[in-house]
């Protein structure tokens, strides 16, 4: 029977599969575009609102009262919750799915904006604008990022880069906000912003659930084989064609998973498992309900074991994973290295005697270069000439060197060269953060990993600006911040050198765990 | 040169000749205020100065020193009270809401602040004890004054003046208040919300349509399988 099944699979009616393949793939491609578009919008709105908070700052201070420090708390809560809320959002995402989470996030943001129009005191604003908006941003961001990773398997880096280029467009939002404030006052502006962010609700609906193919450590291969044969027995030879076709597609999509050695090993054992997994979940590209019911009937044995394998709700396992430590180390330091120079570039230009018009020109050129380099780096990484994190490491090292050389730049052309070089390398490594994480961890556990990584990055983000300011106060020159950023950028890739050994360690551990079970 | 005085003081104004003109021999120096010439000029080697006791508003103004030889060189001194800056952009607020207008005199401390509202072409002082539930004038600190206008209506829209009284005179700053009705920002908001609702409905409809299509296709396939049996 096994052989029968094997043959059936081979002669495998290329016909029905071929009929389905272009259709399914086209549909998949369309939905992937939708997801990228949604992520793009999320980037534009989230980063745009964070950046334009400075404009609201002045209005809040005058009309609502409160000292400068109190009002700036609102901004800090908003931007830090975006990262710190990530683990909680990861839990919600796994429970509810990405689409509902994203809709919740969008409504939180819109609701927060609307509520803030009624604000009369700073603590009120802290909660309504800071808390609600921050959590909303976290929800939106996490859901969109993970959905992109799930949907765009092959071209993840490029899609990520396209979505991130939304950040480059945020420079348009600032003058727009100023115009709105002049026209409608800050309350009217917040009202209109609430409406605009409500637009994220229909775009979140583009995040259609995808049947993921988790490479699980299966309890026993025999059970799987048994189920496949049972399945093949039921139904006619022709009917079988369709089931095979369905399974073929699941297998193919399982193969598309970005894998590292660890995952490959797991997959080798569970070639059949993902297919069955896929058939069991109610996916878009599944065939007749017959197969689904057959599959469910045939392995009553599997569900209990799956429950064992399913992750607990608040999954702390990433914290014990060496790969996670590697990634987070690099993530935190690269974030520090990214934000500090941006804060201080303009002020350093001014201390060197460059006019503020020219200084803002520096920033805009840097922004555009970064956008372009993100796209390029994403495209290059997708070509898979070498592992993605090699590029990541290369960009980080180069950006570190650039930062260390920055103090030598004392005239406008030199500063411009520095800005362009910095933007190129920063764009390069920023675009690769998500793909590298997906490479290291796989899509299934992405939620918890991304959640915790964002949490630690959030701690760095809170500490970054005050640290930079303190550096300036201590050394009375901006040179130190650039040296500091360069040092951070050079420290962060160090952890990646441990990646191969970490993977081997993981493999050994997994083999030990599964040794006694193999029958 | 502009000199700002907020209180009575003794001022010495001097005009000094630059080195490149020291070759000029016969120089006639005149200090004038408007058309009036000032007599007591203290002369030193290269400078001519006058001393003024500014006690009240009448002494403020523009003073000039003119050096006449073949050419005429002159310098102007403007003695004035501190200027109060109003706001360029209008303050936008909504009906029924409260608006706060702030006037600040950064370097010099005025003796008193008064607020005026422009009614037609007249300026009427705002008496906050008279209309206590409408206007509240707060002197937050010595240099800053707040005018809080509560329960705004359309009639409160217009130009306001904050006047700072110094020992030597008064100076005004201009502020504009714009009162909007709630409908004004609500219209674009409702437009956007309706657009969102339309999009959401479209997406829903599309999903239901595609589910139906799948179900039909599945039913067809089931039918085929049954037939082939």
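Nothing in this text is a laboratory measurement; each read-out follows from the coordinates by a stated rule. The model shown is predicted, which means the values in this text are computed figures rather than measured ones. Backbone-built Cβ (ideal geometry, glycine too); neighbour counts: all protein chains shown.
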#### Entry: Inter-chain shielding of A:52-64 (mean C-beta neighbours from other protein chains, 10 Å cut-off)
1
### Message
Bin width 10 Å, origin at 0, all Cα-Cα pairs of chain B: what percent of pairs per bin?
### Response
6, 19, 16, 13, 12, 9, 7, 5, 4, 3, 2, 2, 0
### Task
Determine, at each q value in 0.12, 0.20, 0.23 (inverse angstroms), the log₁₀ of I(q)/I(0) that the Debye formula gives when each Cα of the range B:2-80 is one equal point scatterer.
-0.35, -0.89, -1.11
### Query
Within 10 Å of each Cβ of B:188-201, how many other protein chain Cβ atoms are there on average?
5
### Query
Exposure proxy check: B:190, A:398 ranked by fewest other beta carbons within 10 Å?
B:190, A:398
### Task
Determine the shielding of peptide A:193-201 by partner chains: average, over its residues, the number of Cβ atoms on other chains within 10 angstrom of each Cβ.
5
### Query
Antiparallel as a % of all DSSP beta bridges within the range B:1-152, to the nearest 5?
95
### Task
Can you tell me what the convex hull of the Cα atoms of the range B:86-132 projects to on average, as an area in nm²?
5.1
### Segments B:97-105, A:162-170, A:506-514, B:7-15 sorted - mean Cβ within 10 Å per residue, highest first
A:162-170, B:97-105, B:7-15, A:506-514
#### Entry: Ellipticity estimate at 222 nm from DSSP helix runs (n ≥ 4, -39,500 (n - 2.57)) divided over chain B, nearest 500
-7500 deg cm²/dmol
### Task
Sort B:95, A:370, A:69 so that the residue with the fewest other Cβ atoms within 10 Å of its own Cβ comes first and the one with the most comes last.
A:69, B:95, A:370
## Note on the structure
Highest GNM mean-square fluctuation among B:149, B:192, B:124, for chain B with Cα springs under 10 Å, belongs to B:192
### Most mobile of B:20, B:213, B:148 in a GNM of chain B (Cα contacts under 10 Å)
B:213
### Message
Output the 0 to 90 degree angle, nearest 10, between the alpha-carbon long axis of helix B:183-228 and the longest principal axis computed from the alpha carbons of chain B.
### Response
30
### Message
Treating the range B:87-182 as a set of equal point scatterers at the Cα positions, no solvent, please give the Debye-formula log₁₀ I(q)/I(0) at q = 0.20 Å⁻¹.
### Response
-1.00
### Query
Which order do A:126, B:216 fall in if you start with the one that has the fewest other Cβ atoms within 10 Å?
B:216, A:126
### Query
Of B:43, B:59, B:134, which is the most mobile in a GNM of chain B whose springs link Cα atoms less than 10 angstrom apart?
B:43
